[in-house]
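Written out below as structure tokens is the structure these notes cover.
Every read-out reported here was derived from the displayed coordinates using simple, explicitly stated rules and does not represent laboratory data. Nothing here was measured: the structure is a model prediction, and the numbers come from that model. Please note: Cβ atoms are built from the backbone with ideal geometry, for glycine as well, and neighbour counts cover all protein chains shown.
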Amino acid sequence: MTRTTNTSSSAGAAAQAAAPIVSLGRRRFLRHALLGSAAVLAVAGGGFAWLRRSPVDQLPVPETIRHLSDAEYHLLHRAAQVLLPVAGSALVPLSQVPVVANIDHMVGLLPAHIRKQVGMGLTLFDNAAVIAGWHGRRFVDLDDAAAVDYFDRWASGNSIQRALSTLVKRFVYIAYWRDPVTWEAVEFDGPVSERWGLAYLGNAPLPQEQGEERA
Amino acid sequence: MRIINVPREGVPVFTAEDVRRDPAMGRRVNVKTEVVVVGSGAGGAMVAYELAKAGRQVLVLESGRYYPSARFTEHLGDTMTQVYREQGSQFNSTADVLFPEGQCIGGSTVIGAGVMQRPPDSLLQRWANELSLPQFAPATVASVFAEVGREQFVHLNEAHEINATAHKVIKGCEKMGFSWKPVARNVRQCALTGHCLAGCLSDRKMSSLVTYLPWAAAYGARLFADCHVSRVLLRGGRAVGVEAVVRDPQTGAEVSRMRVDAEVVVVAGGAMQTPLLLQRSQIPDSSGQIGRNMAVQPFVQVLAQYEEPLYGFRGALVGVEIDEFMESDGYMFFSALAEPEQLMVQGEQAAGAEHIEFMKRYRHLAGLNAFALDEGRGTVSWEGDLETGRKVISWNPSQAEFDKLKHGAALAARVFFAAGAKRVHMPSFRPLHVDSVFELDHTLDQISHGLKGMYSLRINSFSAHGTCRMGTDRFQSVANPQGEVHDVKGLFLADASLLPEPIPAAPHWTVQVMAKQVARNILASASGLFLDGNA
Ligand SMILES: Cc1cc2nc3c(=O)[nH]c(=O)nc-3n(C[C@H](O)[C@H](O)[C@H](O)COP(=O)(O)OP(=O)(O)OC[C@H]3O[C@@H](n4cnc5c(N)ncnc54)[C@H](O)[C@@H]3O)c2cc1C
């Protein structure tokens, strides 16, 4: 079975990562804009088959992935490669951190309505590259430089673009950096009390009142 | 002589599991008590302690779970999931301003940074004179601050509690000629783990979990966790108890419904939940101020990179404050650097190689949180019916508030550059950094208020207050100077919602002082409040 990071605490991480999409869902005009953008893409991309095919779609998805769709898996897998070019640095390689498996787990903990919005957001992020910036290709098919450029443009784009690029970045970065194996490389100590053998002080003493004794 | 037994560790708490297991309790529980306290955070715990100590029968109902310190893992993600409200993702209605809050036995004190600050005397004097709240006159309230301070080992940080991040702030202040000082914290023998926001595993932070709650329990107060109060019950203009739902903290499934009959109801659910409870309970609101006037004490985090490694995440989380601008402009600055996962949430990250460079230099980072005094224009409201409605938190910065925050960020950046920073990361949604103080203004120009100040600066609020403000005028305020809700006998408030105005100080200490005063007011009016009216 694939390892995932610290699963007991993933619900909080999932909620934090999904927050940008929740914001779009809450703001009615943006929600409509989100749907509107999807519709524009649908037309631009040729009706219902607006999801441009990609060679990536044929690649296998690990059986352990339970909550992400195949397309979401490939998008996040590609996003992790682009966002975390750790090769040649002291940072822990992606092969040792189950980033996408962690995201899969987090996504599984989201309430259904937010899960749905996250799916919509990821699909839009992937497919908008077909026309945004006239890449003519989905995000998963962009080369590294174009993919980073895509993130950068969206980070300073309109509200929807900012929210969606933040969504993808947050999922990937949180999924990576919350894994304790990544900390040593940046010399973050993580939990220390046990390692340092700290004494447990227990409850503070009761303030002394006259005529009373603390037992 | 009375002998009082304080447990060495932990607090005796009834949980949903206990209710489920106890055949005598069943699906409906009725309880009678003299005082029911809603919420076990800074305010609620203090009231419970004071009233139980005075011999009153006290029942505390807390919607969050009981999470004993021994279960803390020093992993912020775990704590967020277990004890932060909505797993640390409580946002305003546009979801760009984060409002974290504790939801557990001990409330936000469990996850606080331990900073204890008194509002400036000039403000307290004004409240006494202009708002007719004489209990805040500095000469009167000083002894209560001192008492609360003693109870919790409040002390100014000593040299070993000032870490490398803080030293950069000190150096910058010295160069700029800004006044700074070590912060005061409520910590006993701080072990310098830096994990305050994840809960203090070895019980050194004097949260309510290890102070007022075990003390209250030692005096006989009973505590229920997993118990969400849905409504305050009124009869004939008087509070007569509350209704609550006990839920399994893992699944959220309802375990039992509880009705508590009480002679006095004290609501201390915090600045966001208290007004919601009053609204759900349809408490008379002749002032129309319930849930209004919310001061959010917004802050932004400015990060700086230095040539040399600092390990600024080690040591006491908060070391020093810059107090130069507190009285004149309402700015507060606290040194602090978040752990990696939290950095990903708090600040916008660049993509790819730039992010890798940033994290490779994590140990070279220093952080400074710049807080600004806001206008107290936020609102909290309950929309819809009791069962299916939802809360709405509304606050976005006005142009003036936005400009203040931006100015605060600029001051923080200047302090860091004065201390030799090579790069400063601006607290904006768009990743922006500055490599020299001369570029600062130009970069700041790129951060504009735009549409309602949304998604521009990255703003957090840890210390909302003032949503049920105290005052003498029942058409302008929610509670009277004793803390009792105008027009509802026996219903008292004792939390951050009571603060009469936005304060330029971390509020924890003031909230506890107000709660102590409210408890003493209750005792002083015992004859009109309790069937057994002895004071
Ligand atoms: C991460 C963080 C760090 C902070 N650091 C500092 C600091 O360093 N210094 C400082 O001065 N301040 C700090 N604060 C703010 C400070 O903790 C609060 O101002 C203070 O705790 C407010 O006290 P309170 O009693 O109003 O609310 P809280 O302490 O939040 O307690 C309210 C309690 O009521 C419970 N409750 C709410 N509604 C209901 C209901 N309907 N039924 C039952 N229970 C209910 C909640 O679950 C909660 O446990 C920090 C806050 C946060 C979130």
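Between residue B:238 and residue B:121, with labels modelled 7 Å along Cα→Cβ, what's the label distance in nm to one decimal, could you check?
So the label points at residue B:238 and residue B:121 sit 4.4 nm apart.
Per-residue Cβ counts within 10 Å, from other chains only, averaged over B:341-348: what number is that?
The per-residue average across the peptide is 6.
Along its three principal axes, how long is chain B when you only count alpha carbons? Whole Å, largest extent first please.
Dimensions of chain B along the principal axes of its Cα atoms: 69, 49, 48 Å.
Under the Kirkwood approximation applied to all pairs of distinct alpha-carbon atoms, what is the hydrodynamic radius of region A:47-189 in Å? Show your work: numbers first, answer last.
Details: mean 1/r = 0.0632 Å⁻¹.
For region A:47-189, the Kirkwood estimate is 15.8 Å.
Would you pull out the residues with amide H under 5 Å of residue B:97's amide H, same chain only if 5 or more places away, H placed 1.01 Å from N?
B:92
How do the peptides B:460-469, B:192-201 rank, highest first, by the average count of neighbouring beta carbon atoms within 10 Å per residue?
B:460-469, B:192-201
Does anyone have the angle between helix B:121-130 and the longest principal axis of chain B? Alpha-carbon axes, 0 to 90°, nearest 10?
50
Per-residue HN-Hα couplings for region A:143-150, Karplus 6.51 cos²θ - 1.76 cosθ + 1.60 at θ = phi - 60°, whole Hz, x for Gly and Pro?
Whole-Hz 3J(HN,Hα) from phi for region A:143-150: 6, 4, 5, 5, 5, 5, 4, 4.
Using label points projected 7 Å from each Cα along Cα→Cβ, tell me how many nm separate residue B:22 and residue B:130, to one decimal.
Here the modelled spin labels are 5.0 nm apart.
Over region B:346-497, what is the relative contact order in percent, taking alpha-carbon pairs closer than 8 angstrom and at least six residues apart?
On the way: 168 pairs, mean separation 25.6, N = 152.
Over region B:346-497, the number comes to 17 percent.
DSSP beta bridges in chain B, what fraction antiparallel, as a percent rounded to 5? Present the calculation step by step, with values, prior to reporting the outcome.
Working: 54 of 80 bridges.
If I count the DSSP bridges inside chain B, around 70 percent turn out antiparallel.
How many partner chain Cβ atoms sit within 10 Å of a residue's Cβ in peptide B:429-439, on average, as a whole number?
That works out to 2 on average.
Among the lysines, which fall within straight-line cross-link reach of residue B:489, defined as a Cα-Cα distance under 24 Å, with same-chain neighbours fewer than 8 residues apart omitted?
Filter leaves B:32, B:53, B:516.
Based on DSSP H runs of at least 4 residues, each adding -39500 (n - 2.57), what is the mean residue ellipticity at 222 nm of the protein assembly as shown after dividing by all its residues, to the nearest 500 deg cm²/dmol?
Per the formula, -10500 deg cm²/dmol.
Once Lys and Arg get +1 and Asp and Glu get -1 on their Cβ, which of B:245, B:276, B:318 lies farthest toward the positive end of the dipole of the protein assembly as shown?
Sorting the options by dipole projection puts first B:245.
Just grab the label-to-label distance for residue B:399 and residue B:353, each label 7 Å out from Cα along the Cβ direction, in nm (one decimal).
4.1
With θ set to phi - 60° and the Karplus curve 6.51 cos²θ - 1.76 cosθ + 1.60, what are the ³J(HN,Hα) couplings of region B:51-58 in order, to the nearest whole Hz, using x for Gly and Pro?
For region B:51-58, the Karplus curve yields 6, 5, 4, 7, x, 7, 7, 10 Hz.
Using the C-alpha atoms of the protein assembly as shown, what convex hull volume per residue, in cubic angstrom, is computed?
That works out to 161 Å³ per residue.
Output ³J(HN,Hα) for region B:393-403: one whole-Hz value per residue in order, computed from phi by the Karplus curve 6.51 cos²θ - 1.76 cosθ + 1.60 with θ = phi - 60°, and x for Gly and Pro.
9, 10, 6, 9, x, 5, 4, 5, 5, 4, 4
Could you give the distance between the Cα centres of region B:83-137 and region A:111-183, to the whole Å?
Each part reduced to its Cα centre gives a spacing of 35 Å.
Test of understanding: what is the full-extension gain from residue A:208 to residue A:187, defined as 0.36 nm times their sequence separation minus their Cα-Cα distance?
Full extension from residue A:208 to residue A:187 adds 3.2 nm.
Check which residues have an amide H placed less than 5 Å from residue B:321's amide H, if you skip close sequence neighbours.
The list, which skips near neighbours in sequence, is B:181, B:183.
Evaluate E = 1/(1 + (r/R0)^6) for residue A:156 and residue B:360, where r is the Cβ-Cβ distance and R0 equals 22 Å; express this FRET efficiency to the nearest 0.05.
Efficiency, rounded to the nearest 0.05: 0.40.
Quick one: length gained pulling residue B:531 to residue B:257 fully straight, 0.36 nm per residue minus the C-alpha distance?
On the way: separation 274, 0.36 × 274 = 98.64 nm, distance 2.61 nm.
This chain segment gains 96.0 nm when fully extended.
Classify region A:57-107 as rounded, prolate or oblate, taking a ≥ b ≥ c as the square roots of the eigenvalues of its Cα gyration tensor: rounded when a/c is under 1.5, otherwise prolate if a/b is larger than b/c and oblate if not.
Details: a/c = 2.29, a/b = 1.74, b/c = 1.32.
Since a/c reaches 1.5 and a/b is larger than b/c, the shape of region A:57-107 is classed as prolate.
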